[in-house]
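A short reminder: the numbers here are calculations on the coordinates, not readings from a lab. Worth saying up front: this structure is predicted, and the values here are computed from it rather than measured. No Cβ is skipped: glycine too gets one built from the backbone with ideal geometry, and neighbour counts run over all protein chains shown.
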Amino acid sequence: MGPEDYGQDPLGEFLARFFGGGGPSQGRRQPRYYDFARLMSEPTRQLVQQAANYAAQNGSSDLGTEHLLRAAVAAEPTRELLAQA
């Protein structure tokens, strides 16, 4: 698993996998893919992409809060604010 496995929209890919279950549902309607990235600002998209990269580099197929937190503390202005605390 690598960063490229998450595609252009890591959050959308994650949600599609999560709600889709990866297999045919039994009598249930399959959820549709929704492009959540279009609702995000550019800095937010970059943060999610960095989190997805970190998750993939560490062998995780899931994008979790720990990956988002790590990406957030590595990015400005969060890094500077934490350094001042």
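Some observations on this one:
- Under the simplified labelling scheme, the Gln84-Asp35 pair shows an inter-label distance of 3.7 nm, with each label point 7 Å from Cα along Cα→Cβ.
- Site pair Thr44 and Ser60 shows an inter-label distance of 2.0 nm when each label is modelled 7 Å from Cα along Cα→Cβ.
- Residue-count net charge about Arg38 - beta-carbon cut-off 12 Å; Lys, Arg +1, Asp, Glu -1: -2
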